Amino acid sequence: MHYAWIGRLEPTGGWTCLAEAGERSAGPCLWQKTPPLPDSDQTLRLFPEWMADSRFQPLEDCFPGHSVRSAAALPIWHRNRLDAYFWLYHRESNPFTAEQVSLLRVIAEDLGRVLDRIHLTDSLSQAQSELAVTVARLTRTQGLYRALAATSNVLIRASNERQLLTRVCRQLAHSGIFQVAWIGRPDPAGIFRVLAAAGPGSQELKQFRLSLDQNPGPLVVQAWRTGRIHFHNDHRHAPEMAPWEDFLKKKAWAAGAAVPILRNRQQWATLAVVSTTPDIFDHQVLNLVAQIARLIGLGLDEQDLKARLNEEHQRQFFLARHDPLTGLANRLGLAEYLDQALREADAKASRVVVGVLDLDDFKHVNDTWGHEAGDQLLRQVADRLRQAVGPDNLAARLGGDEFVVVVTDAGDESAVDTRWAAIQKAFEAVKFPDGSVRQMGLSIGLTRYPDDAGDPDGLLRHADIALYQVKSQKSRRSVWWQWWTPGQDG
């Protein structure tokens with residue numbers, strides 16, 4: 001054979017050479033001048049005297065200095081369709097014997113099979129590559145959903161701000177998608193402070209000065225300044241990351257993203273995530289980061305709401321149990337405290353003393369200087385009484401100028417008398433509405449638990465009876481308190 005080539009006939013009528021061998025100079029000439037074969041020529045075609053065929057006479061110039069007399073065109077079938085022709089050229093006329101023709105047919109069929117096999121191999125290879133990409137994408141998608149679910153779980157379980165931020169960072173750093181996560185917030189000077197961080201190298205972030213005056217600055221600064229997400233799929237191509245190039249290279253931090261966190265609809269902090277894999281931040285991953293930042297904000301909002309509700313609950317709880325004028329316990333506060341005090345006394349086998357106290361001649365204060373002056377005096381009395389009984393006991397106001405004192409873990413009667421004397425001393429120098437400072441007259445009736453009564457109502461009733469007795473002797477008494485005795489009930 002003088003020359004051989006394989007060509008594919010294009011829809012435009014021209015040929016595309018797929019392979020050639022032999023007289024190289026003939027190639028381009030043949031590809032350009034060989035006429036298309038009729039649709040009927042889809043079997044082996046022999047041209048014993050090909051120059052005798054007027055269609056091929058323009059090809060005579062393709063073999064200068066050589067005499068090519070015959071040719072053969074072998075159709076190559078690939079994927080059940082005619083794909084190309086295998087052209088052979090010979091110097092002799094009619095050189096093709098029956099054996100050669102048979103061999104040529106076998107060659108054409110084998111070429112088709114080889115092409116089918118190559119195509120199948122390529123298809124399998126492509127399918128494997130696509131499958132690997134699909135598996136990787138599916139694995140990453142599962143990782144994204146796991147990270148999102150883990151973040152939601154953290155928000156549900158976290159009991160405070162620090163716990164929430166720390167656990168979210170840990171979940172993201174162990175998600176398999178990101179290796180590092182941290183949350184930062186600028187201080188009043190505009191310097192970012194790390195609130196929480198997790199992942200290799202994250203603790204070293206504190207050594208860097210990330211400031212809002214850096215322009216354009218790192219990703220966290222850009223995200224804070226613009227209020228939207230910023231990312232790099234390869235830090236090496238980000239000029240603004242040049243100051244941290246050595247650190248990023250040492251830690252193998254290839255890509256990163258930062259997104260603002262809103263708290264109560266106000267920009268509050270920035271979430272940053274880092275990956276050792278370049279080009280990881282596509283739309284799906286960026287959307288995940290944005291959703292996690294939003295969930296963090298919602299979690300913080302919920303904690304703030306719980307704190308406000310708890311604060312309001314505590315306020316309402318306090319108001320329900322305290323006198324609004326003096327801040328002392330009211331009837332409900334007294335009842336709850338006394339119930340608890342009696343239970344503890346039973347457990348310790350100790351005594352509780354209850355005293356009902358009344359101010360002497362308080363009506364005169366209201367009648368002389370008015371109720372506002374009387375209220376001021378009551379507040380002064382409450383402050384002195386609270387300080388006198390101490391933090392381990394209770395002072396309460398029942399209304400008007402009537403107060404109750406509860407002393408827990410009380411000793412014998414003489415020890416209690418010493419305490420009442422100390423309380424009386426606290427009222428020796430009281431400032432009255434007219435500006436004078438003098439002794440405040442007091443009367444108090446006392447009773448003991450469990451000696452005198454076994455329940456709060458009985459104790460208060462007995463103390464009130466003792467108060468009546470001591471007030472009735474106000475003009476001739478030597479002390480301002482009196483213990484209840486059984487004979488007083490009559």
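The values are calculated or read from the model by the stated rules, or taken from the named source; none is laboratory data. All of these numbers come straight from a predicted model, not from anything done at the bench. In this analysis, Cβ positions are derived from the backbone assuming ideal geometry, glycine residues included, and neighbour counts consider all displayed protein chains.
Remarks
- Pair list, Cβ under 8 Å, 6 or more apart: segment 165-176 residue part of a helix (DSSP H, G or I), other residue among the hydroxyl-bearing types (Ser, Thr, Tyr): Val168/Thr151; Cys169/Ser202; Gln171/Thr151; Leu172/Thr151; Ala173/Ser202
- Considering residues of segment 399-427 that are of a type in the set (A, V, I, L, M, F, W, C) and over 23 Å from Arg351 (Cα atoms) only, the residue farthest from the chain's Cα centre (by Cα): Phe427
- Residues of segment 14-29 satisfying the condition of being among the aliphatic types (A, V, I, L, M) and at pLDDT below 75: Ala26
- One residue alone among Arg79, Arg91 is touching a helix residue (DSSP H, G or I) at 6+ places or on another chain (Cβ under 7 Å) and assigned by TED's automatic domain parsing to the domain that holds Trp31, and that residue is Arg79.
Rundown of residues vs (1) crowded, with 19+ Cβ neighbours inside 10 Å; (2) assigned to a loop (DSSP other than H, G, I, E, B), yes/no style:
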| position | (1), (2) |
| --- | --- |
| Leu46 | no, no |
| Met51 | no, no |
| Pro58 | no, no |
| Asp61 | no, no |
| Ala72 | yes, no |
| Leu82 | no, no |
| Leu88 | yes, no |
| Phe96 | yes, yes |
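- Candidate set: segment 434-490, residues that are touching a helix residue (DSSP H, G or I) at 6+ places or on another chain (Cβ under 7 Å) and part of a helix (DSSP H, G or I); chosen: the one surrounded by the fewest Cβ atoms within 10 Å (Cβ to Cβ): Asp489
- Verdict on Leu385 being surrounded by 13 or more Cβ atoms within 10 Å (Cβ to Cβ), in the same structural domain as Leu459 (by TED's automatic domain parsing) and in a helix (DSSP H, G or I): yes
- Whichever residue in segment 187-232 is small (Gly, Ala, Ser) and part of a strand (DSSP E or B) and, among such residues, is farthest from Gln284 (Cα to Cα): Ser211
- Residue tally, condition more than 16 Å from Ser436 (Cβ to Cβ) and outside any helix (DSSP H, G or I), over segment 360-377: 1
- Every residue from segment 280-306 that is outside any helix (DSSP H, G or I) and among the aliphatic types (A, V, I, L, M): Ile280
- Annotation note: of Thr326, Thr277, Thr270, the sole residue that is free of Cβ contacts under 8 Å to residues at least 40 places away in the same chain and outside any helix (DSSP H, G or I) is Thr277.
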